[in-house]
Amino acid sequence: MRGGRTAPGARWAGRAGGGTGLTRGPGERYAPAVSWKPLRVLTPRSILPASAVMLVLAVGAAAHANKPVPFGDRVAGPGDAGAAPVNSESLSSADLDLRVGPGLEAFHKRTGEQAWSYRREGAEALHLAMAGDNAIVVWDDGLVTSVRPGDHEVRWHRAVPGLADWLRGDGEPGADKRTDAQRTALAKQRAAAALHTVQRDGSPWLALVTPNLTMGLRDADGDLRYNDKPSGSCVYDPLRAVHTDYAVLVPRTCTNSGGQAVSGGITGYRLDSNGWTTNTGPTATVKVLDRSRVEITDGPIVPPRVFDTKAAAPETACGSVDAPFAAVRPQGGCADPSAAQAPAGAPAPDATDAPVGDRPAAQPQ
């Protein structure tokens, strides 16, 4: 595993001069398909009478007035009253208890009273994670939103292709036998696995991971910074993905023509610099050790490895010939092989403590 290597196949959607330090390919943006039709030429026969025109305009105005809020957003106060704007009492995420279901519900920690609720028509909130002081919510229709708790402002929306289908799990073996409770539990489990918030100091970001796509978004504005698809016959495994305060690590599994898992790998994604990738077996696991380090276990034969996601380099094992030149040394350092074998803090041996037969002969006076 080598640090500083850009993940293969990653497509970076940053603006030119964005300063991410990444090798950029053509950005991929997802938008609904548009059907282009030639303009229709109006003939005198097709022109409506003035009264009909007025009627159409009136109907259109009424329809516009009743048009739903974009994305179905509804922010309300207690008792379904309109949520009041921020008053003189300044609130923050630390002042509120945020809960998920059926939307994002906020309660005053001091009193327990409801402060506001954020819901979307026709959608249910499944999972919540914090990116700095902002709340990131995953919805069952595949939409991800960011909310600033202090003034209950919905900051941005982002649709994730394929997320809703994976959350539902339709068409999977045994899907038709699941109960409603099992479907709900599965959707919540997968929503939690899909969302990873990286608390990088001063500029948090988030990643959305599905079996066929991973995306990186800047929390400041929801801007898409990268998207990546697994190559060939490989798929990502969101349920094994983890994150530190600097990166998101996504394991992948590759299969042969018979559908058997034959190999795997782990791809590390960062928003401010190059990512990296390493080959593994199909069932390698990643365990977070602290804010920056992870331990990769790849079966009973290969020793576990430690990788530092801040330095983007593996930790060099004690005794390795590369130890003097290591970019990342083991936590706590390595013992000096030339040091005495006596336990640390033990008093130095004294001649008077030696057995009688081993004591030096007395010198004449």
5 Å is the cut-off here: which amide hydrogens, built 1.01 Å from N in the peptide plane, fall below it relative to ALA115, excluding neighbours closer than 5 in sequence? ALA106, PHE107, HIS108
Fraction of alpha-carbon pairs in region 76-208 farther than 21 Å apart, rounded to whole percent, equals 44 percent
Around TYR236 (Cβ within 12 Å, Cβ-to-Cβ, excluding TYR236; K/R +1, D/E -1) the net charge comes to +1
When MET215, MET130 are arranged by how many other beta-carbons sit within 10 Å of their Cβ, fewest first, they go MET130, MET215
Note, ³J(HN,Hα) from phi for region 200-206, Karplus 6.51, -1.76, 1.60, rounded to Hz, x at Gly and Pro: 2, 3, x, 8, x, 9, 9
Phi-derived 3J(HN,Hα) across region 300-315 with the Karplus relation (6.51, -1.76, 1.60, θ = phi - 60°), rounded Hz, x for Gly and Pro, is x, 8, 7, x, x, 10, 10, 10, 9, 6, 6, 7, 6, 8, x, 7
Note, ³J(HN,Hα) from phi for region 152-166, Karplus 6.51, -1.76, 1.60, rounded to Hz, x at Gly and Pro: 6, 8, 7, 7, 7, 10, 8, 8, 10, x, x, 5, 4, 4, 5
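Read the figures in this text as sums done on the coordinates, not as results from a lab. Predicted, not measured: the structure shown is a model, and the values here were computed from it. Glycine also receives a Cβ, built like all others from the backbone with ideal geometry; neighbour counts cover every protein chain displayed.
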